[in-house]
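In what follows, a structure is listed as structure tokens, so that the remarks can point back to it.
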């Protein structure tokens with residue numbers, strides 16, 4: 001892989017060889033970042049060549065990814081999610097130009113598929129036959145699905161509070177699921193011990209630097225779908241910090257390779273019940289843990305695993321931080337559904353809720369252009385959809401009663 | 001629209017003008033079928049031109065669709081779902097070649113999006129601003145989503161037994177949902193009266209002949225994705241009969257236009273608790289209603305609305321009919337998840353369960369090639385996924401207990 005130089009520690013700066021199973025910095029324990037040779041990449045791929053490709057998945061960007069050119073790519077079709085111009089939503093929010101990137105249409109219905117597909121590709125390079133992680137959410141289901149499609153075994157550790165529906169997804173994909181009677185911390189520790197003992201490939205986002213490289217493909221797609229005319233802002237919900245860091249990495253890659261000539265600013269959106277990354281970025285203070293008090297479970301992360309890269313990304317981009325309440329998240333679910341036909345889970349629509357809030361607070365100018373990434377499908381969390389959705393009209397099957405109900409609700413007569 | 005000749009009654013053969021809001025035959029009440037001028041289509045589009053297109057959605061086939069060339073296509077990106085070569089599943093089933101077409105990745109997570117997108121396109125041509133239907137399932141959610149994205153109002157009539165989760169999807173998409181305290185028949189009648197009264201555009205699959213034209217795009221895609229080398233069989237689950245009829249229409253279109261040189265046979269799969277279409281096709285007797293006794297709710301249709309076209313399709317293709325039990329459906333959910341990373345709802349995987357059964361029963365030769373369409377995403381029905389999935393390993397966070405559990409379950413040591 002001539003285009004990959006090394007894996008650099010974001011904390012101490014030490015450079016390490018980017019072997020397939022590289023984890024955190026052996027010197028200081030910091031998280032690593034994959035470093036590329038952009039002048040080499042430039043020679044390998046032009047914008048024109050890229051746009052002629054017929055591979056419509058995240059692997060169309062292989063020159064920007066830490067995989068061999070003729071790699072054994074996983075089987076599920078991850079990526080190339082639609083980017084919708086959302087004029088009616090833009091009008092409602094009061095912003096000039098808005099695009100919605102619906103990443104909930106990925107194979108296991110979240111943006112995490114991009115990271116998990118990368119994990120599977122690297123597990124192949126590492127010669128592993130088994131991949132493991134501890135998680136209760138989209139990371140787990142995307143790993144289980146992508147690994148199953150490629151023929152890998154998975155061991156997934158979940159705390160016993162994990163919702164049955166999510167566990168059923170894992171079981172359907174044939175993961176060996178260990179439900180740990182304890183806290184998430186207990187679960188993580190047991191998983192770490194097991195990974196160590198059996199030498200499984202480690203898919204934990206704060207440990208494995210390749211996962212972010214998968215996630216960054218969302219930015220590469222946004223750029224190509226906009227014909228490389230970048231928006232003023234890219235908004236995304238933030239939990240453990242890996243996704244926003246991935247978004248920024250993708251944007252910087254494109255800039256370094258000369259594919260785009262300006263970098264958007266990031267809008268980092270967290271729940272007002274849990275915003276440790278935003279607080280640290282805004283006040284320029286070290287990260288302090290917070291309580292996890294929000295319905296948006298995928299971003300309810302009081303002790304984020306990747307704050308360094310996330311905070312750097314927000315600051316480097318000269319970005320905006322904004323928090324939204326659970327009510328604003330539920331309202332965004334309705335808004336996206338009603339104006340765009342896009343059904344997101346609470347954490348999935350939090351970015352869009354943040355765009356609305358940022359306009360209201362005057363944090364971004366009304367004549368801005370914004371891309372808002374919806375990170376997960378609403379079918380993953382039907383209970384909260386019910387909370388957001390409201391009640392239908394209940395009547396016996398009689399036209400006179402329908403007319404009466406319509407009269408009350410402002411329907412047709 | 002020079003390529004559309006008329007709307008022909010499948011019962012009495014009368015030809016009618018294919019206006020955008022055409023419904024059933026005014027002469028006999030039979031369902032209509034859109035008739036094309038294939039020699040005109042051939043002149044407009046070659047295989048080579050088609051494969052160069054960059055529009056990766058169902059609208060890439062516009063020459064084969066009853067829409068104006070420069071039509072106002074709906075906004076959601078429907079279609080161009082992945083076709084996976086499923087070697088490990090083929091081996092488990094004992095068949096030479098198997099492909100899985102995962103239509104559950106559509107915007108509202110089912111194949112019905114193809115029909116609803118077409119309904120929205122035709123509503124536009126009809127000058128309507130409101131679309132209505134009665135349904136509890138995927139037809140309703142796909143209509144609500146596709147209509148919302150395009151800015152149309154929807155009125156959707158559901159019987160009060162409709163599951164809350166599905167109703168919440170409709171409400172999120174902003175449909176006016178009328179929950180009718182009565183049977184499905186009561187609900188349908190009230191919807192018909194309302195559609196009549198207010199002149200809404202009618203999206204009921206047994207009434208509106210255009211919906212099948214949307215569904216047929218799944219076959220056009222399968223053909224193109226296989227480089228127009230057709231398989232021996234195409235398998236699909238059958239409920240009201242519209243989907244299998246659509247699949248057959250698409251195949252015949254391609255054959256008539258010279259894009260493919262042979263027609264696959266259909267494998268029509270129903271639940272053993274409800275198979276009125278298969279029974280009628282197999283015994284060549286008029287359709288008789290049946291009880292609706294299966295977990296696969298989307299195909300639990302005792303009185304199918306489109307039996308004529310479905311039965312013709314099965315017979316014309318010299319097809320195979322097969323029924324599967326609920327246990328076989330749940331087993332197919334696990335099989336697809338574990339070998340392909342594809343998570344289907346019960347009705348979604350029924351086609352694949354049928355392929356397995358057909359091999360077991362010797363209804364199709366083991367050296368056949370088969371495409372099996374998965375029609376809907378498993379996240380739509382988490383309760384049945386839990387039934388199918390099995391239980392995880394439950395332990396306290398201790399390595400010795402993990403080892404003990406693995407020893408029992410045949411895990412690593």
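Taken together, the values in this text are just the output of simple stated rules run on the coordinates, not laboratory data. Small disclaimer: the values here were computed from a predicted structure and weren't measured. Cβ placement follows ideal geometry from the backbone for every residue including glycine, while neighbour counts extend to all protein chains displayed.
Brief remarks follow.
- DSSP bridge pairs, the protein assembly as shown: antiparallel proportion in percent, nearest 5: 30 percent
- Axis of helix A:346-360 versus longest Cα principal axis of chain A: the two differ by about 70°, to the nearest ten degrees.
- Relative exposure of B:58, A:230, B:1, judged by other C-beta atoms within 10 Å (fewest first): B:1, A:230, B:58
- When both region A:1-46 and region B:1-54 are represented by their alpha-carbon centers, they are found 57 Å apart.
- Footprinting exposure proxy ranking of B:105, A:244, fewest other C-beta atoms within 10 angstrom first, gives B:105, A:244.
- Relative contact order (%) - criterion: Cα under 8 Å, at least six apart; region: chain A: 16 percent
- Looking down the axis that turns chain A into chain B, the chain A residue with its beta carbon nearest that axis, and the gap rounded to whole angstrom, comes out as A:379, 2.
- Take each residue of peptide B:76-88, count the partner chain Cβ atoms within 10 Å of its Cβ, and average: the result is 3.
- For region A:129-199, the relative contact order works out to 34 percent when only alpha carbon pairs closer than 8 Å and six or more residues apart are counted.
- Our compactness index for chain A, the C-alpha radius of gyration over the empirical 2.2 N^0.38 Å, is 0.99.
- Cα long-axis angle, helix B:112-125 against chain B (0 to 90 degrees, to the nearest 10): 20 degrees
- 10 Å binning of all Cα-Cα separations within the protein assembly as shown, expressed as whole percents from 0 upward: 3, 14, 24, 26, 20, 10, 3, 0, 0
- The other copies place their residue B:262 label points at 5.9 nm from this one, listed shortest first, where each point is 7 Å from Cα along Cα→Cβ.
- Taking every alpha-carbon pair under 8 Å whose residues sit at least 6 apart, region A:344-401 reaches a relative contact order of 45 percent.
- Shortest-first distances to equivalent copies, position residue A:303, nm, label 7 Å out along Cβ: 6.1
- Label positions at residue B:325 and residue B:40, each projected 7 Å from the Cα along the C-beta direction, are separated by 5.3 nm.
- Alpha carbon Rg of region A:223-263, scaled by the compact-globule rule 2.2 N^0.38 Å: 1.19
- Rounded Å value of the spacing that divides the Cα centres of region B:142-203 and region A:60-84: 39 Å
- Helical runs (DSSP H, four residues minimum) scored at -39500 (n - 2.57) apiece and divided by the length of the protein assembly as shown put the mean residue ellipticity at 222 nm at -12000 deg cm²/dmol.
- Here is how far apart the residue A:412 label points are across copies: 6.2 nm, shortest first, using a point 7 Å from Cα toward Cβ.
- Ascending count of other beta-carbon atoms within 10 Å, so fewest first, for B:33, B:240: B:33, B:240
- A Förster radius of 41 Å, combined with the Cβ-Cβ distance separating residue B:85 from residue B:21, puts the computed FRET efficiency at roughly 0.50.
- Nearest-ten-degree value, helix A:138-150 long axis tilted from longest Cα axis of chain A: 60 degrees
- Cα-based radius of gyration of region A:129-199 once divided by 2.2 N^0.38 Å, which approximates compact folds: 1.00
- Per-residue shielding of A:338-348, expressed as the average number of other chain Cβ atoms within 10 Å of the residue Cβ, stands at 6.
- Debye equation applied to the C-alpha atoms of region B:2-131, log10 I(q)/I(0) at 0.11, 0.14, 0.20 Å⁻¹: -0.54, -0.82, -1.22
- Cα centroid separation - region A:275-316 against region A:332-376, whole Å: 19 Å
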